[in-house]
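Data first, discussion second: the structure below is written as structure tokens.
The values are calculated or read from the model by the stated rules, or taken from the named source; none is laboratory data. Remember, predicted model here, so these are calculated numbers, not experimental data. Every residue, glycine as well, gets a Cβ built from its backbone with ideal geometry; the counts of neighbours run over all protein chains shown. Keep in mind that these areas ignore ligands, DNA and RNA; they rest on the heavy atoms of the full protein, side chains included. Shrake-Rupley method; radii C 1.70, N 1.55, O 1.52, S 1.80 Å.
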Amino acid sequence: MNPLLVIADKETRDALRNRWVISATLLMAGLAFALTFLGSAPTGNLGANPLAVTVVSLSSLTIFLVPLIALMLSHDALVGEMERGTLLLLLAHPVTRSQVVLGKFVGQVGVLAVATVVGYGAAGLAVGLQGEGADPESWRAFGALIGSSVLLGAVFIALAHLVSALARERGGAAGVAIGLWLFFVVLYDMGLLGMLVATKGQIHEQIFPWLLLGNPTDIFRLYNLTAFENTRTFSGLAGLSGQMPFSPTVLLGALTAWVVIPLLAAIGIFRRREL
């Protein structure tokens, strides 16, 4: 078997043994069910599609939850092996450093994908199959939400691998991982809001959208709340989507770039690092 797949399989089995898969799945399913049924309760009176409302609600939950799970899952992917002294043993086998990074990345993205599909999928099916059900576009929006949630998780797993390749100890990697979560989930948007207030909204309309591409959580939010008509209506972004210069395909491409660039940087740093 390809060494990359062997390492990915080991990461998956480690996650199962450490109960990461079960814990992440139960957490995502529990929060998704709670948010879904509480959020869709008034839709019967308003005539709104419950599944479309669920997509809007889960988009907000994903921005906070998935990056945190991804960073906690993978921040010690490399530095943890160094501290335990198992990395030199691993590299004594016929495997390259690039295959080590990629194998760990693939295995951890697979763990997050299982937790997302099972956790969110169960809540979505419960809502979509009840009552009058959901229209095809709402199902497509829900499928896009699950896929883009996995992609957002892959972004932060790639960033965590970059941190792990640079860190000297696990404690430092954990601290930087928490800092990354705070920066991208909380501080970045607060900075943009402060910039708008300070300049009294005078930032050029052609510049501001590009600033949103500097944050993968903003790209995820824009994609899920503007790509489909139903979600645009319930999220209140129908007007904004017409002014955005980016198509859904471009937003997915930008999110993919956020995966590829940190992962290549992690591979480059790890290949040159002295162990």
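Quick notes on this one:
- L26-K200 FRET efficiency (beta carbon distance; Förster radius 51 Å; 0.05 resolution): 0.65
- Spin-label model, L68 to W139: label points 7 Å out along the Cα-to-beta-carbon direction sit 3.3 nm apart.
- Carbon + sulfur, % of accessible area of segment 69-146 - ligands and nucleic acids excluded, 1.4 Å: 68 percent
- The mean accessible area for residues of segment 90-222, using a 1.4 Å probe and ignoring ligands and nucleic acids, is 45 Å² per residue.
- With Cα atoms, 0 to 90° folded angle of helix 97-128 axis to the chain main axis: 30 degrees
- Stretch gain in nm, segment T96-V250, where the contour uses 0.36 nm per residue and the Cα spacing is subtracted: 52.1 nm
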